[in-house]
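The values are calculated or read from the model by the stated rules, or taken from the named source; none is laboratory data. Please read these numbers as outputs of a predicted model, since none were measured by experiment. When we count neighbours, we look across all protein chains shown, and the Cβ atoms used for this are built from the backbone with ideal geometry, even at glycine.
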Amino acid sequence: MYFEEPEDIILNFVRSRITELVRRNKDDDANLANRQTADSQTFNPSALQTDLVLTNTPVSIVNITVDGSPAYAYQEYNIDLDNKTIKFNTGFVGTEEVIVNYFKGSDWVFPDKPRDDLKRDSYPRIACIQLTENPDFIELGSTETNEIVSFQFDILAYKDQTCIIDTEKKEGVDVVNYLARKIINAFKDYWVSDVLYVIRDIDFISNEPIPFDEILNIFRRTVDIQFTFRNMRKLTS
């Protein structure tokens with residue numbers, strides 16, 4: 001299904017722009033395999049073609065270029081991760097080179113509340129939870145609508161798991177603090193290039209630590225952000 005909800009867009013953004021930390025195996029002090037890896041695929045679509053189907057199943061779409069110039073997500077194309085498809089609004093001429101950059105593998109950023117019953121090697125993890133949504137669209141004229149949606153990003157790290165941050169070994173509270181800051185900075189740095197067509201305003205509400213869970217051995221931190229989405233109804237119209 002093509003993206004038609006704010007949660008779809010926010011999840012794809014975070015999965016694309018928050019780089020997974022290198023995790024260390026405590027038993028032999030070796031690096032664990034990354035849960036996701038970057039990949040790309042080049043297309044030479046035929047005239048009037050609109051749909052591009054990836055060979056691999058993507059975790060997220062990072063960006064797309066057409067003849068070296070950026071194509072703008074949700075303005076020029078929409079995304080269907082389940083069916084590995086990128087759908088452009090208008091057909092190609094038939095001479096373009098299209099490059100799709102994406103991540104493949106398994107998730108470490110999830111919708112809804114985070115699981116806290118996993119083993120050390122499943123951390124760190126990020127949950128993306130939609131908190132509120134203004135049910136009334138605010139008409140801005142004949143062509144635009146707005147709705148206010150707030151999200152909480154819940155970041156979890158295991159006390160005894162080591163990650164590499166800027167070549168240094170870090171654990172627990174340092175990991176959740178780092179990832180919380182990366183989420184905030186990602187929206188500051190990539191808002192315009194990635195989601196400006198559908199998000200017209202961002203308001204950073206809070207960045208707060210959660211008390212250490214001694215039973216589960218987990219550090220947590222939450223980041224709350226409010227977004228003003230525009231023209232969501234038109235993405236699939």
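Tabulated data
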{"read-out": "Count - residues of the stretch 90-109 that are modelled with pLDDT of 95 or more and either touching a Cys at 6+ places or on another chain (Cβ under 8 Å) or polar (S, T, N, Q) (or both)", "value": "4"}
{"read-out": "Selection status of K84, without any contact (Cβ under 8 Å) to a residue 60 or more places away in the chain, under 21 Å from the mean Cα position of the chain (by Cα) and surrounded by 15 or more Cβ atoms within 10 Å (Cβ to Cβ)", "value": "yes"}
{"read-out": "Strands (runs of 3 or more DSSP E) enclosed by the stretch 151-237 - at least 2 residues per element that are basic (K, R)", "value": "168-171, 218-230"}
{"read-out": "Members of the stretch 58-79 that are in contact (Cβ under 8 Å) with a residue 60 or more places away in the chain and buried (at least 17 other Cβ atoms within 10 Å of the Cβ)", "value": "N63, A73, Y74, N78, I79"}
{"read-out": "Extreme residue, farthest from the chain's Cα centre (by Cα), among residues of the stretch 34-59 that are closer than 24 Å to G105 by Cβ and part of a loop (DSSP other than H, G, I, E, B)", "value": "T55"}
{"read-out": "First in the stretch 89-110 and touching a residue at least 12 places away in the same chain (Cβ under 8 Å), second anywhere and surrounded by 13 or more Cβ atoms within 10 Å (Cβ to Cβ) and basic (K, R), Cβ under 6 Å, 6 or more apart", "value": "G105/R35; S106/R35; W108/R35; W108/R125; V109/R15"}
{"read-out": "Any hit, the stretch 172-183, residues being farther than 21 Å from D201 by Cβ, modelled with pLDDT under 95 and crowded, with 16+ Cβ neighbours inside 10 Å", "value": "yes"}
{"read-out": "Selection count, the stretch 186-237, where residues are surrounded by 14 or more Cβ atoms within 10 Å (Cβ to Cβ), aliphatic (A, V, I, L, M) and either in contact with a Gly (Cβ under 6 Å, 6 or more places away or on another chain) or closer than 21 Å to Q75 by Cβ (or both)", "value": "8"}
{"read-out": "The stretch 1-14 residues that are polar (S, T, N, Q), paired with ones that are surrounded by 19 or more Cβ atoms within 10 Å (Cβ to Cβ) (beta carbon under 8 Å, 6 or more apart)", "value": "N12/F3; N12/S60; N12/I61; N12/I79; N12/L81"}
{"read-out": "Residue within the stretch 14-23 that is surrounded by 17 or more Cβ atoms within 10 Å (Cβ to Cβ) and either farther than 30 Å from D174 by Cα or of a type in the set (F, W, Y) (or both) present", "value": "no"}
{"read-out": "When residues of the stretch 148-171 are limited to those that are more than 20 Å from F110 (Cβ to Cβ) and of a type in the set (V, I, T), the one surrounded by the most Cβ atoms within 10 Å (Cβ to Cβ)", "value": "T162"}
